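Encoded as structure tokens, the structure appears first; notes follow it.
Bear in mind these aren't lab numbers, they're just calculated from the coordinates by the rules spelled out. Since the model is a prediction, treat every value here as computed from it, not as a measurement. Using ideal geometry, Cβ is built from the backbone for each residue, glycine included, and neighbour counts are taken over all protein chains shown.
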Amino acid sequence: MHNSKYWVNYFSLNLKQKRINWEIKPELNPTERKSILRSLQAWQLGETSEGSNLIKAATKFSKKLHDEHYVEAIKLFIKEEQKHGNNLGNYLDLIGEERIKKNWGDSLFRKFRGLYTDMEFWTIAVITVESAAQIFYQCLKDATNCKLLKQICTDILIDEAPHISFQIERLHTIFNQKNKLMKYLTYKYYHAFYFATALVVWQAHQKLFKAGGVNFQKYWKKMSLKFEKTIEKLKDPSVSGTASKLCQS
């Protein structure tokens, strides 16, 4: 477990990493393009959020915990997400496809997020989407033979695992402040939200997942395993207590 200052340092260094060779010419055959394009466009849009509402929630949270580095860490986290969106956008430009400005899934998620201003909701939402993103980008990587796209996906996948670690540590802190009854009820909410969102993501991008070799059964198993490795561990009081102390230090 790490405190916010650690994450400021981590994100600052990671943003300087250059893992993509943009001199590689993108190559997609018609079948590959048909399989991935809509999902690629939709996910690129989702990665371009300015994160203003998230920053507001993080500011309230940091004041509550007297964590002076948390907002800066969140801003750097958002920059990494925007980097992903920019890279995907550059790829769309290179293959002559448009960057869409509206998508039903993205619009639904943005409206839903707008209803909440607390850090707890934002954190569980990010963990859920990042978990699905790991599967999405691996499938996108596997769905074509384009070397440039594979490099873009690899770069994103390298970033995503620390993103989840960053968020789950903060969720531990929030969760550990609740009494026993509220922990039980909140965990049930986390579970319902996570798997309901997982279903929506599958519905929106099943063509891409299948092109990457993941059917619904495999997808659900992967999402369930990710839940067990992250959110389910909230029920372990020793882990939760340790996270709470470290995140506030």
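Observations on the structure shown:
- Computed over segment 29-247: relative contact order in percent, which uses C-alpha pairs under 8 Å that are six or more apart: 25 percent
- Using 0.36 nm per residue and subtracting the Cα-Cα separation, the extra length available between E97 and T59 on full extension is 9.9 nm.
- Pairwise centroid distance, computed over Cα atoms, of segment 47-103 with segment 148-173, Å: 13 Å
- Order of D118, D67 under a 10 Å beta carbon neighbour criterion, fewest first: D118, D67
- Using equal-weight Cα scatterers in the Debye expression, the normalised intensity of the chain in log10 at q = 0.10, 0.16 Å⁻¹ is -0.49, -1.23.
- Taking 0.36 nm per residue of sequence separation and removing the Cα-Cα distance, the K235/F195 pair yields an extension gain of 12.6 nm.
- In the elastic network of the chain, a GNM with C-alpha springs shorter than 10 Å, the most mobile of L157, L199, L185 is L185.
- Label separation (S165 vs F216): 3.5 nm, computed from points 7 Å beyond Cα along the C-beta direction.
- Dipole magnitude (debye, nearest 20) for segment 29-247, charges at Cβ of Lys, Arg, Asp, Glu: 640 debye
- Here the simple spin-label model places points 7 Å from the Cα toward Cβ, and for K207 and E228 these points are separated by 3.3 nm.
- Computed from label points 7 Å out along Cα-Cβ, the spacing between I158 and N21 is 1.4 nm.
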